[in-house]
Amino acid sequence: MRAGEVYGFLGPNGAGKTTTLRMLLGLIRPTSGTVRLFGAEPGGLGRVGALIEGPAFYPYLSGRVNLKVLADHAGVRRGRVEEVLDVVSLTDRAKDRYATYSLGMKQRLGLAAALLKEPELVVLDEPTNGLDPAGMADMRVTLRKLAADGCTVLLSSHLLAEVEQICDRVGVLDRGRLVSETTVADLRAGGALRVVAEPLEAARDHLCRLYREVRVDGVALELDVDPGEAGRVNAGLVGAGITVTELRWHEPDLEQTFLALTGGAHHAA
């Protein structure tokens, strides 16, 4: 991982995301291989904040008091409690008992706890779990701000749209193996020019004389060409007396790429 980036562990349920994060934090030992965190074996968590699986707090204490307990235990100044409550937008509900919190609020309090020590690395397991769309958007903004401030964020997720919107780089896990590691942009690389024209067969015959790869996809044709070829394709078809009703660049989404990498895997939780 690189300083100041948001790195996503992407994989279906059961792929090994949580297990990998637990090994990284020294919570469990790997059966083989080695793990290094800041150049050393896991165990010293002074530079790391983490939220693995579900957050655990005293149910009958308020959110604020729960954080004060953690701050005292970790030797963190109490003023930091109010700062992290503001970061996760929980100040207005900080006096309420943890037992009354929604699942999304519990997730946000867990993130606040992970930020108490002003860590260099924040490790989060499914951080948007339980959040409504507005809460998910707020979480994205918060994590991007952390990265902009120099904190590295490592998160796991099976939500493709979230990873696509928030991460700089991703590692795709499948059955405990890292099958791909790249940027989101590179993971989605590749695309085709999609053409809908009438008559379709005439359009296909015309384009096959000019381009090597022309595929029929239902009512459309797809060409493996550069996006800049769109004008030439359109002019050629119109000049041949063919009506063009749609011409656009079709980019594969992250879900299609993910399923291709994992063989369409769907594992049990």
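The values are calculated or read from the model by the stated rules, or taken from the named source; none is laboratory data. Bear in mind the structure is a predicted one, so any value in this text is a computation, not a measurement. For neighbour counting, all protein chains shown are included, and Cβ atoms are generated from backbone atoms with ideal geometry for every residue, glycine included. Keep in mind that these areas ignore ligands, DNA and RNA; they rest on the heavy atoms of the full protein, side chains included. Shrake-Rupley method; radii C 1.70, N 1.55, O 1.52, S 1.80 Å.
Summary table
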| read-out | value |
| --- | --- |
| Options Ala71, Ala50, Ala56; residue that is aliphatic (A, V, I, L, M) and in a strand (DSSP E or B) | Ala50 |
| Unmet criterion (only one of (1) at pLDDT 90 or above; (2) in contact with a Lys or Arg (Cβ under 6 Å, 6 or more places away or on another chain); (3) not in a helix (DSSP H, G or I)) for Arg77 | (2) |
| Residue, nearest to the chain's Cα centre (by Cα), within region 69-86, restricted to residues that are within 26 Å of Met136 (Cα to Cα) and open to solvent by 60 Å² or more (accessible area, probe 1.4 Å) | Asp86 |
| Residue list for region 227-246, filter: part of a loop (DSSP other than H, G, I, E, B) and surrounded by 11 or more Cβ atoms within 10 Å (Cβ to Cβ) | Ala240, Ile242 |
| Residues that are farther than 15 Å from Val153 by Cβ and open to solvent by less than 40 Å² (accessible area, probe 1.4 Å), drawn from region 5-36 | Gly11, Pro12, Ala15, Gly16, Thr18, Val35 |
| Residue list for region 95-130, filter: of a type in the set (A, V, I, L, M), surrounded by 18 or more Cβ atoms within 10 Å (Cβ to Cβ) and not in a loop (DSSP other than H, G, I, E, B) | Met105, Leu109, Leu111, Ala112, Ala113, Ala114, Leu115, Leu121, Val122, Val123, Leu124 |
| Hey, Leu178 farther than 23 Å from Pro119 by Cα, at pLDDT below 90, open to solvent by 30 Å² or more (accessible area, probe 1.4 Å) and in a strand (DSSP E or B) or not | yes |
